[in-house]
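**Student:** Quick one: the structure is below, questions incoming.
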Amino acid sequence: MRSFIPITDWKHMPTRVILDTDIGDDIDDAFCLALMCASPEIELIGVTTVFGNVHARGRQARTILSLAGDKFRSVPVAVGCSRTMASRPRVGGAADAELPPNQDAAAFPEDRLPPASPLHGVEFLIRTLMDGDGDIIPVTIGAMTNLAAALTMERRLLKKIPRIIAMAGEFRKPMAEWNILCDPEAAHLVFASGIPMTVIPWEIGYQVQLTEPEVQTLYAAARPSAKNLADAVKAWRGRGGAMPSLYDPMTAATWVNPKLCQWKRGTVSVELAGRDTYGYSPFVESADGPHTVAWDADRAASVKFVLDRVLAL
Ligand SMILES: [Ca+2]
């Protein structure tokens, strides 16, 4: 077994990011978007939505941005792919584009929001990344359909994207993690692209779960952004959610402070052929692999980092 890689390997720049999200189902996307707005180390230059009801997801994203302050109201939100590339139907879950996400009660109606970007999410990704200086990092916290489609349509992106940060996969338990399971073919295209990736697996969110007193801290918040996040948590819990696990916000939290986790390097692949292992994501350690994966998180420090920032937004 290889040892954990040193934190000194990290490059903190660039910090311009596009967030690609399935906000509205699990609650952690809302935490992630709020955390990005609350983090001066990150410049959020766009949001794309993916999977199922992408229009309602975009409305929730624009709600969070509009509450985060004037400079975020103009951040473009582009609606992306509702359907996936997956070769097999996914068991369970709401991929139906007609179903509202469970946190829809926390999203403003359309007439209270800045308009969505006129571009499709995939087009937004291609144009923004190609127009950049090779310094823009896509952060994917849902199915990877938009990013895989962008890489397929515009192969020059392979040289334009310096790194991808993803919440995806699981390397220690025999399971298909949700974001990969929603579209394994897309995840395969992204992981096999050769672009360096920083990966937050399912295990990290499992380790970094809020407690009831921590949720109550959020419920007691007075600031509009934090109150809206509390409303989203309440809507999510009212629809069967239990305790928020901070899978998605650990992408942004560890980009700002990598010491929140220990890390390994190697190669992640996506299983597409197995009868019972479709969507599994095996990880093989190596010193020069393209993928840096989080292995263990400091729960207390991670929760404090995320809550302190979103409560102050
Ligand atoms: Ca997500």
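**Student:** Report, ordered by the first and then the second residue, all pairs with beta carbons closer than 6 Å, sequence separation of six or more or different chains, a first member in the range 248-261 that is away from the ligand (no atom under 16 Å from the Cβ), and a second member that is in a helix (DSSP H, G or I) and modelled with pLDDT under 95.
**Tutor:** P258/I7; K259/I7
**Student:** Could you list, in sequence order, all residues of the range 137-164 that are assigned to a helix (DSSP H, G or I) and more than 15 Å from the ligand (Cβ to nearest atom)? Working first, answer last.
**Tutor:** Of the range 137-164, the ones assigned to a helix (DSSP H, G or I) are 145-153, 157-160.
Those that are assigned to a helix (DSSP H, G or I) and more than 15 Å from the ligand (Cβ to nearest atom): A148, A149, A150, L151, T152, M153, L157, L158, K159, K160.
**Student:** When you look at G238, is it modelled with pLDDT of 95 or more and not aliphatic (A, V, I, L, M), yes or no?
**Tutor:** Working: modelled with pLDDT of 95 or more: no; not aliphatic (A, V, I, L, M): yes.
Against the criterion (modelled with pLDDT of 95 or more and not aliphatic (A, V, I, L, M)), G238 does not qualify.
**Student:** Name the residues in the range 70-92 that are part of a loop (DSSP other than H, G, I, E, B) and modelled with pLDDT under 95, would you?
**Tutor:** Within the range 70-92, the subset part of a loop (DSSP other than H, G, I, E, B) is 74-76, 80-92.
Within the range 70-92, S82, R83, T84, M85, A86, S87, R88, P89, R90, V91, G92 meet the criteria.
**Student:** Determine which member of the set F171, F191 is in contact with a Phe, Trp or Tyr (Cβ under 7 Å, 6 or more places away or on another chain) and either closer than 17 Å to T84 by Cβ or of a type outside the set (G, A, S) (or both).
**Tutor:** Every option except F171 fails the conditions.
**Student:** Any idea which of (1) closer than 30 Å to P224 by Cβ; (2) surrounded by fewer than 20 Cβ atoms within 10 Å (Cβ to Cβ); (3) touching a Lys or Arg at 6+ places or on another chain (Cβ under 7 Å); (4) modelled with pLDDT under 95 is the one P114 doesn't satisfy?
**Tutor:** Among (1) closer than 30 Å to P224 by Cβ; (2) surrounded by fewer than 20 Cβ atoms within 10 Å (Cβ to Cβ); (3) touching a Lys or Arg at 6+ places or on another chain (Cβ under 7 Å); (4) modelled with pLDDT under 95, the lone unmet condition for P114 is (4).
**Student:** Continuing with this model, one more query. Just the residues that are free of Cβ contacts under 8 Å to residues at least 60 places away in the same chain and either crowded, with 23+ Cβ neighbours inside 10 Å or not polar (S, T, N, Q) (or both), please, taken from the range 204-231.
**Tutor:** Y206, E212, P213, V215, Y219, A220, A222, K227, A230
**Student:** Also: Can you find, within the range 58-68, the residue that is nearest to the ligand (Cβ to nearest atom) among those that are surrounded by 24 or more Cβ atoms within 10 Å (Cβ to Cβ) and either among the aliphatic types (A, V, I, L, M) or at pLDDT below 95 (or both)?
**Tutor:** Among those residues, the one meeting the criterion is A61.
**Student:** Another question, if that's okay. List every residue pair whose Cβ atoms lie under 7 Å apart, where the two residues are 6 or more positions apart in sequence or sit on different chains, the first residue falls within the range 18-31 and is touching a residue at least 60 places away in the same chain (Cβ under 8 Å) and closer than 15 Å to P100 by Cβ, and the second residue, located anywhere, is more than 6 Å from the ligand (Cβ to nearest atom) and of a type in the set (D, E).
**Tutor:** Once the first residue is touching a residue at least 60 places away in the same chain (Cβ under 8 Å) and closer than 15 Å to P100 by Cβ and sits in the range 18-31, its partners that are more than 6 Å from the ligand (Cβ to nearest atom) and of a type in the set (D, E) give G24/D104.
**Student:** Something else now. For the range 234-259, give me the residue count where each residue is surrounded by fewer than 23 Cβ atoms within 10 Å (Cβ to Cβ) and over 24 Å from P6 (Cβ atoms).
**Tutor:** 10
**Student:** Still on this structure, please answer the following. Output the residue which, of all residues in the range 16-57 that are within 10 Å of the ligand (Cβ to nearest atom) and part of a loop (DSSP other than H, G, I, E, B), is farthest from A148 (Cα to Cα).
**Tutor:** Among those residues, the one meeting the criterion is I27.
**Student:** For residues that are crowded, with 21+ Cβ neighbours inside 10 Å, touching a Phe, Trp or Tyr at 6+ places or on another chain (Cβ under 7 Å) and over 17 Å from L218 (Cα atoms), tally how many sit in the range 293-306.
**Tutor:** 2
The values are calculated or read from the model by the stated rules, or taken from the named source; none is laboratory data. Here the structure is a predicted model, which means the values were calculated and not measured. Positions of Cβ are backbone-derived with ideal geometry, glycine not excepted, and every protein chain shown enters the neighbour counts.
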